[in-house]
Amino acid sequence: MRPIRTTFLVLCSTFIVSRALAQGQQVSAAATEETAQALPPAAVPEPALVPPPAAPAPKGAAVDATLASIDTPDEPAVAQEIQAESAELDDVRKAEEAAKVREAPGAKRGSSDGLGLESPIRDRVDGALGRDGAAPAEGGRIALIPELDHDLARLQAEYDIPIEVNEAVVAYIRFFQSPLVRGHFVKWLGRAHRYMEKYRAILKDEGLPEDTVFLAMIESGFANFAYSRASAVGPWQFIAPTGRMFGLTQDFWVDERRDPEKSAHAAARFLKQLYQQTGDWRLAWAGYNAGVGRVLLGKQQGHDDFWEMAAVTGRGAPFREETKGYVPKLMAAAIVYKHQEAFGFSPDEIEREKWVDYEEVKIPQATLLSVLARAAGVSERDILDLNPELRRACTPPRPYRLKIPQAQAEVFAKSWPAMQSQVRLTFAGHVIRRGDTLSGIAARYGVPVQGIVEMNGLKGHKHLRVGTELLIPRPVGSAVASARVAPEPVARRAAESPRQQRVAAVEVEKVAARGASKAAAKQPRADVKVRAGDTLWSISQRYGVELGELCRWNGIKNPQRHKLLVGARLVVYPERG
């Protein structure tokens, strides 16, 4: 992932911050209390069929609507990570559809292996597939997966979740081994080394079978930034309403569906609820994918078994094809994971990721991640890697507990007090009106256009929608920021046409250049090599200097038109801190 394009954010209204903080604390506390009351962290009770819970009563927004738009694109570097991990998820989905693995022989009914001698559907399943289809091979091996050197009973004893071997499950084992998917599964195995034990501990603490962890494997491949075409997000793939129901904050600043630990706790509570409603782990998994209403529909039709429900076809079928393949896919992933070499996945080809121990530090106000990374002596990538829920190049404008590598905690503790007083950030809000342009908005607030673009995740200057709220980064203490924002009528008269607005924006840059410090010659000089994805704005923020100063030092007259070449070198006089 490329270095984060940091944006020098500014908070101009303490009212907005106090209001957002107060509402955020109130709703977060309410959501936590509601979840704790509904789903106490006790052992899983005896299964009983209960109706779906009533929809929770609407609550106030977690932050002011000005700041809480979940639809606002993420900061560009975060968006790039989302794109990469989402593409991986989409590739697997397309391969699954192309291979028609959900339509493999037996996928709708399954073999009788694992159904039990007294299963009411055993005879019907065997009649469809033939009683010899899953007969044990010589030596007690399982006929459908001869790679394993033991029988079904021994295989099932390795798990604390239901494991069955039928043609539906085996179809997914072969799918994971197929050339189109094998490379992705290798990545999943690598990520599993980082998250497996942590997730197992969380599931155990919540009273769930530890092998439920394989649900996260088939949902996302343990990818924190994965987004599905159904707008499900994170390693446990929560859609927005369900995430909020289980206490995961989603606003302009953070999306806790991407937080591996918080989302794992939420998923465990959700699955516990589904088990209470359905009475069977296979049906609970199906409910996680399709919604508990589909499972209850199948029960109303007289079906009590997942395989029975999956066998139903036509308009009245309780499950879509995706859900019919969901349970065998989970079982297949579990089988392959615990027998990787038997199925051809060599340890040498797996890049094992490691869990990073961390400490949490309280950040009282919005602060650039670049500054926090510098205080901890790590890269911005390291900070984002431990805090994947962050959507911006800064922490939220409220007290926030940030994770930093435990090994760097002492470095941070020594560096941060001296730096904290120099990193106060503020910002303003602007509602787009008809006729607004980015250059005109930048001129009014006295900030560079690039800062607005990067702060709001805009892809270009022509994507302004009337009524949309923009956050305006306003540098504190600079010549530009100290100038009072003109009253709106005056500002609009001063920028009546796009051309006048562009001219006004250039004038703002000139003001910034004239007001820059004249002490640069006395400061230590740094030569910066331009990297792919860099902008003048992001470089200025990385080194804590004003954009106008950076341009003046390098003889750049118009930063909006200057073409920045990869590999070029710029002169920078970084601020101390």
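Is there a quick way to get the dipole size of the stretch 220-361? I mean about its Cα centre, with the Cβ of Lys and Arg at +1 and of Asp and Glu at -1; what is the value in debye to the nearest 20? Charge dipole of the stretch 220-361: 740 debye, to the nearest 20.
Compare 355, 281, 236 by solvent-accessible area with a 1.4 Å probe and give them largest first, with all protein chains kept in place.
Numbers: 355 70, 281 30, 236 0 Å².
The ranking, largest first, comes out as 355, 281, 236.
The stretch 371-445 and the stretch 287-335 have their alpha-carbon centroids 45 Å apart. Converting phi to 3J(HN,Hα) with the Karplus coefficients 6.51, -1.76 and 1.60 and the offset θ = phi - 60°, the stretch 194-202 yields 7, 9, 4, 5, 5, 5, 4, 5, 5 Hz in sequence order, with x at every glycine or proline.
Using 0.36 nm per residue and subtracting the Cα-Cα separation, the extra length available between residue 401 and residue 97 on full extension is 105.3 nm. Residue 543 contributes about 60 Å² of solvent-accessible surface, heavy atoms of the protein only, 1.4 Å probe. Taking other residues whose beta carbon is less than 12 angstrom from the beta carbon of residue 278, and scoring Lys, Arg as +1 and Asp, Glu as -1, yields +1. Summarising the label geometry, the points placed 7 Å from Cα in the beta-carbon direction at residue 340 and residue 413 lie 3.6 nm from one another.
A cut-off of 5 Å between modelled amide H atoms, ignoring neighbours fewer than 5 places along the same chain, links residue 254 with 391. Computed from backbone phi with θ = phi - 60° and the Karplus coefficients 6.51, -1.76 and 1.60, the 3J(HN,Hα) list for the stretch 390-403 is 5, 9, 10, 7, 8, 7, x, x, 7, x, 9, 8, 9, 8 Hz; x is used for glycine and proline.
The 3J(HN,Hα) values that the Karplus relation (6.51, -1.76, 1.60; θ = phi - 60°) gives for the stretch 146-161 are, in residue order, x, 4, 8, 9, 9, 8, 5, 4, 5, 4, 5, 5, 7, 10, 9, 10 Hz. Gly and Pro appear as x.
Ranking 379, 328, 402 by Cα position along the charge dipole of the stretch 315-429, where only Lys, Arg, Asp and Glu carry charges on their C-beta atoms, puts 402 farthest toward the positive end.
Rounding to the nearest 20 debye, state how big the charge dipole of the stretch 149-232 is about its Cα centre with +1 on each Lys and Arg Cβ and -1 on each Asp and Glu Cβ.
Numbers: 10 positive and 12 negative charges, 122 e Å.
Roughly 580 debye, rounded to the nearest 20.
Counting only heavy atoms of the protein chains and using a 1.4 Å probe, residue 303 has close to 40 Å² of accessible surface. Placing a label point 7 Å from the Cα of residue 80 along the Cα-to-Cβ direction, the residues of the stretch 362-393 whose backbone N falls under 12 Å from that point are 381. Residues within the reach of a label modelled at residue 90 (point 7 angstrom out along Cα to beta-carbon, backbone nitrogen below 19 Å), restricted to the stretch 211-232, are 219-232.
What number comes out for the charge environment of residue 217, summing +1 per Lys or Arg and -1 per Asp or Glu over other residues with Cβ under 10 Å away? Once all neighbours under 10 Å are counted, the net charge is +1.
Could you work out the local net charge near residue 248, counting Lys and Arg as +1, Asp and Glu as -1, over the other residues with Cβ closer than 12 Å to its Cβ? Don't skip to the answer; put the middle values down first.
On the way: positive: 244, 257, 258, 262, 269; negative: 251, 255, 256, 259, 261, 389.
After counting each charged neighbour, the total is -1.
Across the options 368, 285, 302, the greatest Cα extent toward the positive end of the charge dipole of the stretch 281-395 (unit charges at beta carbon of Lys, Arg, Asp, Glu) belongs to 302.
The values are calculated or read from the model by the stated rules, or taken from the named source; none is laboratory data. Since the structure is predicted, the reported quantities are computational estimates derived from the model, not experimental observations. Because the Cβ atoms are built from the backbone with ideal geometry, glycine has one as well, and the counts that use them run over all protein chains shown. These area figures cover heavy atoms from the full protein model, side chains too; ligands, DNA and RNA do not enter into them. Shrake-Rupley method; radii C 1.70, N 1.55, O 1.52, S 1.80 Å.
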